[in-house]
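The values are calculated or read from the model by the stated rules, or taken from the named source; none is laboratory data. Keep in mind that this is a model prediction, so the values were computed, not measured. Here Cβ is always computed from backbone atoms with ideal geometry, including for glycine, and neighbour counts include all displayed protein chains. All accessible areas refer to the heavy atoms of the entire protein, side chains included, with ligands and DNA or RNA removed. Shrake-Rupley method; radii C 1.70, N 1.55, O 1.52, S 1.80 Å.
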Amino acid sequence: MRKLSPVTVIAADIYATTYQRITFASYMQRVLYHSDYGYYTTKSSILGPDGDFITSPHLSCDFGELLAVQFVDMWHALGQPNPFHLVEMGAGQGLIAADVLTYLQHYSPHCYAALSYIIIEKSPVLRALQQERLTYEKISWTTLDALTSIKGCVFSNELVDAFPVHIVEKHNNQLQEVYVTAKDDTLQEILGPLSDERLIQYFDLVGIDLLGDTYPDGYRTEVNLAALDWLEIIASRIDRGFLLTIDYGHTAQRYYSPARHKGTLKCYHQHRHHDDPYTNLGQQDLTAHVDFTALERHGEKVGFTTLGFTQQGLLLMSLGLGERVANLTQTISPGPDSFNQLIQRRQALHQLMDMSPMGLGTFGVLIQSKGLESTVGLKGLRVPPLD
């Protein structure tokens, strides 16, 4: 039997609804996570040079190793619990896990001895890839539902940007929602009333008034209700510890700037980005920037304390990236091959802390805690010294 195309399957789902429409969040959930054609659930080559985009751990082992420095610091802040749980949400190809575990084995054996490294991975394809790569006795896989009584750190790198988002638009001085409908198996957008009252509450939470005079008619943006649901679940799973979130995004004032009138939704396919979410279904990534103000404020409502919000470049510098750059020439032996390795490694380190508008160094880093004193100091949140 010939397999139905994603468009045909989604159109059939739409035709079956009462109003023959689904929210954009529901559409995004399908094209990213559907068991038969979802981008994240059926492809193993979405990451890296052969995929559609590169993340920080693809550049070098330094990203994972420096995160390991922070995790050791957290272990000490918690009083060196045994077991010490590290929970990675969405581990991709397992690169961070491999670098963290290898580093801890060699440089912090006591922390490694107490470690229980847990991966939460929705994609069966990626989970199989991780299990092939990661043969450490300290590592295990489970589901978010099965996760309980965490004493340690739950962390993610470029996870929240892939949660399905609602899209809203200011129209005739009212806030309406973007829905996806179908006609002759062609997907189209229409506007309709808000599907969830939490969309209004969200803007109250982050202190943004889209109906004010500052925002023009036709202003369109995203709301990530799934991120708030995720925060509530994580808060209920942590007994005592930290939540570390690394992603590209902004505070609410920057995210919902009147100048950003088309929102932040982007599509990535073969290392190029564009603005059409209705093409390459199941073959391209859909992402929206993260509103870190929403994560902070909703986090405080569900039991988290915000320890700090910084940028990836500053975090890594505080954890020793600057020293690694300075020591480069001392670790390379003479010869043309070594010189080329030096150049490549220097480029990788500089990319990790690149603070240009599109650089990885500008990624947001939010660290929240639960069950600890709000005054607890973490190494990664200390301002690195200037040369």
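Tabulated results
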item	result
Unique match (being under 30 Å from residue 346 (Cα atoms) and either surrounded by fewer than 17 Cβ atoms within 10 Å (Cβ to Cβ) or modelled with pLDDT of 95 or more (or both)) among 62, 73	73
Residue 265 vs. criteria under 17 Å from the mean Cα position of the chain (by Cα) and under 16 Å from residue 26 (Cβ atoms)	yes
Qualifying residues in region 350-383 (those that are in a loop (DSSP other than H, G, I, E, B) and of a type in the set (Ser, Thr, Tyr)) - the one nearest to the chain's Cα centre (by Cα)	356
Residue among 135, 142 that is in contact (Cβ under 8 Å) with a residue 12 or more places away in the chain, surrounded by fewer than 22 Cβ atoms within 10 Å (Cβ to Cβ) and of a type in the set (Ser, Thr, Tyr)	142
Region 1-35, residues that are farther than 20 Å from residue 267 by Cβ and either basic (Lys, Arg) or at pLDDT below 90 (or both)	1, 2, 3, 4, 21, 35
Lone unmet requirement of (1) over 15 Å from residue 70 (Cα atoms); (2) part of a helix (DSSP H, G or I); (3) at pLDDT 95 or above for residue 127	(3)
Elements of type strands (runs of 3 or more DSSP E) in region 147-258, at least 2 residues being touching a residue at least 12 places away in the same chain (Cβ under 8 Å) and out of contact with any Phe, Trp or Tyr (no Cβ under 8 Å at 6 or more places or on another chain)	150-157, 166-171, 174-183, 220-223, 238-247
Single condition residue 305 does not satisfy, out of (1) surrounded by 19 or more Cβ atoms within 10 Å (Cβ to Cβ); (2) in contact with a strand residue (DSSP E or B) (Cβ under 8 Å, 6 or more places away or on another chain); (3) among the polar types (S, T, N, Q)	(1)
Cross-chain or 6+ apart pairs with Cβ under 6 Å, region 98-116 first and farther than 18 Å from residue 241 by Cβ, then part of a helix (DSSP H, G or I) and open to solvent by less than 60 Å² (accessible area, probe 1.4 Å)	99/64; 99/65; 103/65; 103/68; 105/112
Candidate set from region 259-299 (those that are part of a strand (DSSP E or B), more than 22 Å from residue 311 (Cβ to Cβ) and touching a strand residue (DSSP E or B) at 6+ places or on another chain (Cβ under 6 Å)); member that is most open to solvent (accessible area, probe 1.4 Å)	274
